[in-house]
Amino acid sequence: MFLFGLLMLITLSIVFAVVGVHALLLGRMPGQWLQQRVRQPRLWGAGALLMLISWNLHSLSLLAVGIGLVALGHVLKPMQ
């Protein structure tokens, strides 16, 4: 059971990293569901990658900044 949980955590972190890099580099979210909910994909991607980095470095301050950027990516309206 522990091995299954660890495997799921690793799989989810890889998926989160791939989506974060995709959003950061291309400026759009993959999939229609995420495109409808995320207004600033580059902010969201930067926050997602910071949250993953904070997990590896055991840094709560990086985690807080990453969560804030992900939230801003959902809330802020796109600039024109």
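Okay, here's what the table says:
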read-out	value
Neighbour net charge for M29 - beta-carbon separation under 11 angstrom, K R +1, D E -1	+4
Degrees between helix 2-26 axis and first principal axis of the chain (Cα, 0 to 90, nearest 10)	20
Whole-number accessible area per residue in Å² for the chain, which is evaluated in the context of all protein chains at 1.4 Å	72
Rotationally averaged projected area of the chain (alpha carbon convex hull; nm²)	5.9
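The values are calculated or read from the model by the stated rules, or taken from the named source; none is laboratory data. If you're wondering where the values come from, they're calculated on a predicted model, not measured in any experiment. Because the Cβ atoms are built from the backbone with ideal geometry, glycine has one as well, and the counts that use them run over all protein chains shown. Ligands, DNA and RNA are excluded from the accessible area calculation, which covers all protein heavy atoms including side chains. Shrake-Rupley method; radii C 1.70, N 1.55, O 1.52, S 1.80 Å.
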